[in-house]
Amino acid sequence: MALHTRILLGLVLGAAAGIAMNLAAGDAPATRQVVRLVTEPAGRIWLNALIMVVIPLIVSTVSLGVVGLGSVRQLGRIGVLTLASFLSLTALATVLGLVAVNVVRPGDGLPVETRTELMAAFKDQSTGAMGLAKGALGVNTFVSMVPRNPVKAAADGEMLAVIVFAIMLGVALTTSVVDSIVADNQRALSELAEAKRRVTTIGQVLLKTGDPRDVINQAALDLHADLIVMGTHGRRGVTRALLGSVAESVVRSAPCPVLTVRAPKGKHEGKHAA
C-alpha cells in the first residue's frame, strides 16, 4: 500500500474513532482521562514533529535545488518563480482563511464560556498575527527578507527569510562546487591532451559549458557515438546528496550505452569523458 494511501486511511480511521468515542462515551471520566493523558499528548507530539521538519526541509530543498542548477546565472528566473510562488500561495491561503471564517463562521455554536476561554488562551497569538498583518505589505517586508539571524528567523517561522537564506547558502555551495569542478576539468583535459599526443589514435577534444548531462548527451548525438565512457567519483553519503551524480543522470537519459569507470583511490579521478 502506498504511503499517501496509508496516511489518508489513518486520518479517516482516526476521525471515525474519535467521532464514535465522542458519541458513545464523550462525557465519561475515563474518556476524559484517556484524552488528557494519551491522545492529546500524542497528537501534540505528532504536530510538533511535522512542524519540526518544515525548516530543515525548506533549507535542504532550496539550497540543493540551487546547487543542482550548476550555475548562479540560472538562479534569476528560478528565484523570481520561487518568490512569486511563495507570495501567490500566501495570498491564496489568506483568501481561503477569510472565506472560511466569514462563510463557515467556526465557533458560533460553542457555548459562551468556551469561546471566552479560547479567546483568552489564544489572545497573544491573535495579537501577534494582527500586528504581522498590519505591516505585511510595507517596505519592511523586503527588508526582513534578509535575516540578520537565520536561526532566529527559523524559530520565529519567517518563511520568506528562511527561503532567502537557503538561496544564499545554495549560491555559496554552487560557487565552491563550480570552482572545484572547473579545476578538475582543466586538469582532466590537460591529461587527455597529453595522452592524445602520445598515441596515434585520431580523436577530438570538445570543451563545452552547460548542464553536464545535457551537454554529454547532445555531444553523443552529434557525434553518433556508439558508447559513452565516463569517470565517476564514487561519492556517497552527504557528499553525494550535496553534489549529486553526473554519471547517474547521464546513464538514465543517454542515447547510447554508458560505461562508467572509477579511478583507483589515491589517483586523480577525471570528471567525465565521452
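Computed from the coordinates by the stated procedures, all read-outs in this text should not be read as laboratory data. Since the structure is predicted, the reported quantities are computational estimates derived from the model, not experimental observations. Every residue, glycine among them, receives a Cβ derived from its backbone with ideal geometry; neighbour counts consider all protein chains shown.
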Over the stretch 1-123, equivalent-ellipsoid semi-axes from the Cα gyration tensor in Å: 40, 22, 15
Neighbour-count ranking [beta-carbon atoms within 10 angstrom, fewest first] of H224, H233: H224, H233
